[in-house]
Amino acid sequence: MQVGVACTQMHCSWDIEANVARAEALVHQAADQGAQIVLLQELFETPYFCIDEQNRHFDLAHPIDAQPTVRRMQQIARERELVLPVSFFERAGPAYYNAVAIVDADGRIAGHYRKSHIPDFPAYEEKFYFSPGDTGFQAIDTRYARIGVGICWDQWFPEAARAMVLKGAELLLYPTAIGSEIQTPDLDSKDHWQTVMRGHAAANIVPVIASNRIGKESSGAVELEFYGSSFITDHTGAISKSADRTTECVLTATIDLEAARRYRRDWGVFRDRRPDLYGSLLTLDGRRTTPSS
């Protein structure tokens with residue numbers, strides 16, 4: 001079975017309506033180019049507000065069943081028969097999450113993921129805003145493929161990718177917001193960022209789709225420049241499509257899910273796994289999980 005996939009990248013301002021309209025236009029463009037699954041970037045409704053800590057930004061959060069952009073994307077998904085993972089700031093009772101609603105091609109919400117790994121670096125102040133996600137890693141059935149979705153910092157953890165593929169994910173999708181490092185201004189992490197996800201594709205033998213934002217965003221004296229470079233890999237980790245650092249765009253590719261499944265089966269990495277030896281992965285320091293007898 002072949003499926004058309006797309007990722008996008010765009011700049012965001014504090015004009016929320018304009019951001020959502022721009023995202024909608026990119027989704028329609030991707031659909032016009034044959035995409036059936038379209039990935040937008042992380043928290044695309046606004047600038048990356050986690051650049052600093054301001055209590056007023058909690059007012060941006062909504063419950064999933066009352067999230068206006070999710071509702072708009074549900075309508076587009078239904079009209080264009082698209083699968084749309086929609087990143088949003090979620091309020092759930094007294095808790096707040098960095099979340100994605102996975103909208104299926106009939107407009108219903110097929111899945112709901114909350115970001116598991118929450119970073120805490122200068123200009124990436126996410127622990128101030130988000131609780132660690134409690135949904136676990138998932139493989140979500142949609143009309144066109146079973147997909148796994150991680151969010152930005154999740155993409156640095158091979159355990160998350162492996163868990164999603166073990167559960168049956170045929171594609172891994174990562175909405176992202178990453179750019180300059182204000183503590184180390186000479187560091188350009190773009191290649192490292194792409195390489196770690198290419199490794200997930202190669203190790204798990206599944207295609208990866210990543211969507212990042214572009215442009216400069218600031219709050220007070222703090223400024224980030226996001227480096228775009230959104231990309232799509234095949235099931236061996238080779239990049240099939242990659243964007244530049246500055247251009248708003250849509251990337252599309254056609255993926256043969258059956259060919260990837262056969263390659264994954266024949267390569268034997270899942271046959272030869274040794275979960276009985278992986279107990280140290282359940283610890284933070286690699287030590288034994290139970291005391292010696």
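Using a cutoff of 8 angstrom between alpha carbon atoms and counting only pairs six or more residues apart, the relative contact order for the range 230-293 works out to 17 percent.
Each of F49, F128 has its accessible area taken with a 1.4 Å probe; listed largest first, they run F128, F49. Given R0 = 30 Å, the distance between the Cβ atoms of F128 and I16 translates into a calculated FRET efficiency of 0.90. Semi-axis lengths, largest first, of the ellipsoid equivalent to the range 58-137 are 25, 12, 11 Å, with √(5λ) applied to each eigenvalue of the Cα gyration tensor.
The residues of the chain expose on average 44 square angstrom of accessible surface per residue, using a 1.4 Å probe on protein heavy atoms.
Take the Cα of A95, step 7 Å toward its Cβ, do the same at F157, and the gap between the two points is 1.4 nm. If the chain linking D65 and E225 were pulled fully straight, counting 0.36 nm for each residue of separation and taking away their Cα-Cα distance, it would gain 54.3 nm. Sorted from longest to shortest, the spans of the Cα atoms of the range 1-154 along the three principal axes equal 43, 32, 26 Å.
Using the Cβ-Cβ distance between A203 and Q54 with R0 set to 41 Å, the FRET efficiency from 1/(1 + (r/R0)^6) comes to roughly 0.60. Using the Cα coordinates of the chain, the gyration tensor eigenvalues translate into equivalent-ellipsoid semi-axes of 28, 24, 19 Å, sorted from longest to shortest. At an R0 of 22 angstrom, the distance between the Cβ atoms of R78 and M1 translates into a FRET efficiency of 0.50.
Karplus-based coupling profile of the range 122-129, in residue order and whole Hz: x, 6, 10, 8, 6, 5, 5, 9, with θ = phi - 60° in 6.51 cos²θ - 1.76 cosθ + 1.60 and x standing for Gly or Pro.
Build a GNM of the chain with springs between Cα atoms under 10 Å apart, and of L39, L277, L84 the one that fluctuates most is L277. Accessible surface of V208, taken over heavy atoms with a 1.4 Å probe and every protein chain present, rounds to 0 Å². Result for the chain in a Gaussian network model with C-alpha springs under 10 Å: among Q155, Q41, Q54, the largest mean-square fluctuation is at Q54.
Taking the 1.4 Å solvent-accessible surface of the chain as the whole, the part contributed by carbon and sulfur is 50%. These residues, R71, R22, R143, go from largest to smallest accessible area, 1.4 Å probe, as R71, R143, R22. In this structure the amide hydrogen of A110, modeled in the peptide plane, comes within under 5 Å of the amide hydrogens of I102, V103, D104, none closer than 5 places in sequence on its chain.
Entry note, the chain: the mean residue ellipticity at 222 nm calculated from DSSP H runs of n ≥ 4, each adding -39500 (n - 2.57), is -7000 deg cm²/dmol after division by the residues and rounding to the nearest 500.
Counting only residues at least eight positions apart within a chain, or on another chain, the aspartates and glutamates with an alpha carbon under 15 Å from that of K115 are E42, E90, E125, E126, D134, D154, E159. Model label points for S240 and D256, set 7 angstrom from Cα along the Cα-to-Cβ axis, are 1.0 nm apart. Residues considered: D106, D266, D154. Largest GNM mean-square fluctuation over the chain, using C-alpha springs under 10 Å, is found at D266. Amide H contacts for A92 (H built 1.01 Å from N in the peptide plane; partners 5 or more residues away or on another chain; cut-off under 5 Å): Y97. The largest accessible area among E181, E126, E17 belongs to the first residue in E17, E181, E126, and the rest follow in falling order (1.4 Å probe, all chains).
The values are calculated or read from the model by the stated rules, or taken from the named source; none is laboratory data. On a predicted model such as this, the values are computed, not experimentally measured, just so you know. Positions of Cβ are generated from backbone atoms using ideal geometry, with glycine treated the same way; all protein chains shown enter the neighbour counts. These area figures cover heavy atoms from the full protein model, side chains too; ligands, DNA and RNA do not enter into them. Shrake-Rupley method; radii C 1.70, N 1.55, O 1.52, S 1.80 Å.
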